[in-house]
Amino acid sequence: MFRTSFKNHFIGLSLLIISLNIGVAAHFFIDAKEHARGESNINLKANLSEIKINKTEPVVLVFVGDVMLSRGVMSKISANGSDFRFPFLKIADEIKSADIAFGNLEGPISDLGTDQGSIYSFRSDPRVLEGLVFAGFDIFSLANNHIWDWGGEALLDTFEILKKNQIRFVGAGTNNIEANKPVVFEIKNNKIAYL
């Protein structure tokens, strides 16, 4: 069995993205330079230092995996004085430091709905929003295998609860168009879309 760490995947993916961006920028620069001269022969020895890059302040993105605040996690919250910030006390500063903090909301946040009968059915108490807001989450993916655990009523309630707390979501909606619509943030002169 092949095993590797997330860090290795992340570093590899980051290097690939950087390489592709440099390659695309260099190709664009070479084509534009040669086109301006009217030359059809592309000079592959373009001086990359001549490429003008719009230097803006870096945008910091945080990506968090499954956020599931029911069952055992809820037991820990209850054991710690029903402090809904408890699961995030040691990591909130890290999450808040991001310009955009993204996570996967693993199940609905609602006190409505009917258990759909999954062996593992997740549904979080609406009071967990206190912790999610405290932690600084900006957007959640709802495209996962547990968001429907308590049916459509709980899902629609989740939409409303997130909206009331200024947390955006992607990957679910009242129709196919809404569910597949990107959520766009404008941060530091950059547009960043989540799908």
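The values are calculated or read from the model by the stated rules, or taken from the named source; none is laboratory data. Quick caveat: nothing in here was measured; it's all calculated off a predicted structure. Cβ sites come from the backbone with ideal geometry, for glycine too, and all protein chains shown count toward neighbours. When the accessible area is computed, the model is the full protein with side chains, heavy atoms only, and any ligands, DNA or RNA have been set aside. Shrake-Rupley method; radii C 1.70, N 1.55, O 1.52, S 1.80 Å.
With r as the distance between the Cβ atoms of residue 156 and residue 93 and R0 = 45 Å, compute the FRET efficiency 1/(1 + (r/R0)^6) and round to 0.05.
Values: r = 33 Å, r/R0 = 0.74.
Taking R0 as 45 Å, the efficiency between residue 93 and residue 156 is 0.85.
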Open item on the list: Given Cβ point charges of +1 (Lys, Arg) and -1 (Asp, Glu) and nothing else, what value in debye, to the nearest 20, does the dipole of region 127-195 about its Cα centre take?
Closed with: 300
- [ ] Would you compute the Debye intensity of region 47-195 from its alpha-carbon atoms alone, equal scatterers and no solvent, and pass along log10 I(q)/I(0) at q = 0.12, 0.13, 0.18 Å⁻¹ to two decimals?
- [x] -0.53, -0.61, -1.07
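Sort 154-161, 186-193, 68-75 for me by packing, meaning the mean count of neighbouring Cβ atoms within 10 Å per residue, highest on top.
Descending mean neighbour count gives 154-161, 68-75, 186-193.
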Open item on the list: For residue 168, what residues show an amide H to amide H distance below 5 Å, using hydrogens built from the backbone and excluding near sequence neighbours?
Closed with: 139, 140
Task: Carbon plus sulfur fraction of accessible area for region 101-195, probe 1.4 Å, in percent - done: 51
